[in-house]
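The values are calculated or read from the model by the stated rules, or taken from the named source; none is laboratory data. Computed from a prediction, not measured in an experiment: that's the story for all the values here. Cβ placement follows ideal geometry from the backbone for every residue including glycine, while neighbour counts extend to all protein chains displayed. The accessibility values were calculated without ligands, DNA or RNA, using every heavy atom of the protein model including side chains. Shrake-Rupley method; radii C 1.70, N 1.55, O 1.52, S 1.80 Å.
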Amino acid sequence: MSTTTLRLVLGDQLSFENPVLVNAEPQRDWVLLAEVAEEATYVPHNRHKIALIFSAMRHFADALRERGFKVIYRSFDEGVSSLRHAAEDALKTSKASALLVTAPGEYRLRTQIQAWESELGVPVYLQEDARFLASLDYFESWASGRKQLRMEYFYREMRRHYKLLLDEDGEPEGGKWNYDADNRKGWRAQTEVPERPAVAADTITREVIELVEREFPGNPGDLNEFRLAVTSSDAQSQFDWFCKHALTDFGSYQDALAEESPWMFHGLISMYLNIGLLEPLPVCRQVEIAWREGHCSLAAAEGFIRQVLGWREYVRGIYWHAMPDYALRNTFEARRALPAWFWTGDTDMRCLSRALRQSLDLGYAHHIQRLMVIGNFALLAGLDVEQVCEWYLAVYVDAFEWVELPNTLGMALHGDNGLMASKPYAASGKYIQRQGNHCSACRYDPKQTTGENACPYNSLYWHFIDRHQDYLTKNARMGLIIGGWKKRDAADREAIVAWGDRILATVLD
Ligand code: DLZ
Ligand code: SF4
């Protein structure tokens, strides 16, 4: 393109691998980044998320200028209402004759941008986001003709394609594709969780924190706890720390729940991957090297690579494959209003309160907290799918709809009728007790199902099984549980369901 173009970089596309920057000419083209009200308020984003994105955008703008780019940066204080308005202004300033943008990760914004060409009166080129490892065409061709879209098979193809953790014959290292069974240890404080270094806030980040505190006073997030990297080099240092100090135990305790640590041995890189500060293939390769050099078990390396190369790419594929009606699905017609305490964490259920509070305060919870504590509760209690999805999208620093919706609606709430998960992720308090040490600090007893001290997860679990038994009976993997439930004494079943009703009427109030 020989004429001057304007290249819009969104707040989650902060990478020099961004296709609209790869072929840009710094002397000729302009780059636009804009902090705008519409993006910052379409859900009540966690303040950590806004601070992360605004500070990372400002740092990225500086990095672009250092490489000689002409940058138009609109800060939130200027009061620009939307990306379209920012683009309109910037087209005038730059006198550019076309606009380029890498396809956004959310359907909402993609639809808006598709209308810009006629609204702005210049050609608008939407480029595919090549930073993902599976193109949308590749995913479609994998998905077409399949009745079930199971991640495991997609993941194996990706492993082969990118030659990750393969032996000399091209077969999976160790002879197995999946080491999940080794990655399920419960937590009894067996080992010390290493102290995680926080990234010190520089002047830009401190200014952004002040702005976010001023402009978003009602949003969740305790910014005194802000500790995230806002540049790719700091994100890489955080990841290096993980590889050195946490990866060894990452596998074993991947599914564990701990009173004493919000992040345990997790990578804490999803937010960096999702906004462009880290790229997925290099982090997978770095973990593979760590394993080959003997720094972690094969199970730990495989568990990590499956999340990034398999799961992350798979959920994005599912999102674009099934949108827009995916967002409206609700298998169990779950419509109970989200309790107000989802926004405070104020509940006696210890596991849930801990998971909610850290999600609200830090914008982070690891996958078992999201799936088996919060999501499981929402599933069992029949909380409104749309409201739960919006809560997840708002609360987590790494949440963009392409990743949040399939994980919440599909995986946690089984709202997509099993498109992703072969059975609902429903579990009683026994699972939570096995995986961690919250129960000993809880006012409830995970061994009791009814009565004042009974763990609410227990009666709600059976309440869920009972109220959806017709649907669940059709699922071969649920057969034993349904059969067992039906064989139980009728009076027992009635008492449990009645207690579940009481929990729904009281705890959920
Ligand atoms: C999440 C977010 C926020 C809070 N603010 C901005 C912003 O001011 N400007 C911007 O370009 N992007 C922001 N984002 C990220 C966008 O919402 C994201 O690009 C879309 O949701 C598509 O994934
Ligand atoms: Fe959670 Fe139940 Fe254990 Fe309490 S007893 S921590 S509510 S699983």
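With axes computed from alpha carbons, what is the tilt in degrees of helix 280-292 against the longest principal axis of the chain, rounded to the nearest 10 within 0 to 90? Tilt relative to the chain: about 60 degrees.
Cross-link partners for LYS92 among the lysines, with Cα-Cα distance under 16 Å and sequence neighbours closer than 8 places in the same chain left out: LYS70. Our summary gives segment 340-506 a relative contact order of 19 percent, counting only alpha carbon pairs under 8 angstrom and 6 or more residues apart.
In this structure segment 340-506 gives 37 Å² per residue of accessible area when probed at 1.4 Å with all protein chains present. The alpha-carbon of LYS486 sits under 24 angstrom from the alpha-carbons of these lysines, leaving out residues fewer than 8 places away in its chain: LYS423, LYS430, LYS447, LYS474. Taking every C-alpha pair closer than 8 Å and separated by at least 6 residues, the mean separation divided by the residue count of the chain gives a relative contact order of 16 percent.
Averaged per residue, what accessible area in Å² does segment 158-313 show with a 1.4 Å probe, protein chains only? Mind showing how you got there, number by number?
Details: 6780 Å² over 156 residues.
Heavy-atom accessible area per residue stands at 43 Å².
With each run of n ≥ 4 DSSP H residues scored as -39500 (n - 2.57), what mean residue ellipticity at 222 nm is computed for the chain after dividing by its residue count and rounding to the nearest 500 deg cm²/dmol?
On the way: 24 runs with 227 residues, N = 509.
It lands at -13000 deg cm²/dmol.
Of the listed residues SER237, SER270, SER55, the order by accessible area with a 1.4 Å probe, largest first, is SER237, SER270, SER55.
May I ask for the angle, rounded to the nearest 10°, between helix 385-395 and the longest principal axis of the chain, with both axes built from Cα atoms and the value confined to 0 to 90°? Rounded to the nearest ten degrees, it is 50. A probe of 1.4 angstrom, applied to the heavy atoms of all protein chains, finds MET57 with accessible area near 10 square angstrom.
Ranked by the mean number of other Cβ atoms within 10 Å of their residues, highest first, the peptides 432-443, 133-144 come out as 432-443, 133-144.
Fully extending the segment from TRP343 to ALA505 would add 56.4 nm, taking 0.36 nm per residue of separation and subtracting the current Cα-Cα distance.
Percent of accessible area on the chain owned by carbon and sulfur, 1.4 Å probe? Numbers along the way, then the final one.
On the way: 10050 of 20920 Å².
In the chain, the share of accessible area belonging to carbon and sulfur is 48 percent.
Averaging the Cα positions of each part gives two centres, and for segment 78-153 and segment 261-291 these lie 25 Å apart.
Solvent exposure of TRP320, expressed as accessible area, is near 40 Å², computed with a probe of 1.4 Å over the protein chains only.
Give me the 1.4 Å probe accessible area per residue for segment 5-127, excluding ligands and nucleic acids, in Å².
Numbers: 4570 Å² over 123 residues.
On a per-residue basis, segment 5-127 sits at 37 Å².
For the chain, the longest principal axis of the alpha carbon atoms and the long axis of helix 350-362 meet at an angle near 10°. Taking the Cα centre of segment 5-127 as reference, the dipole from Cβ charges on Lys and Arg (+1) and Asp and Glu (-1) amounts to some 140 debye.
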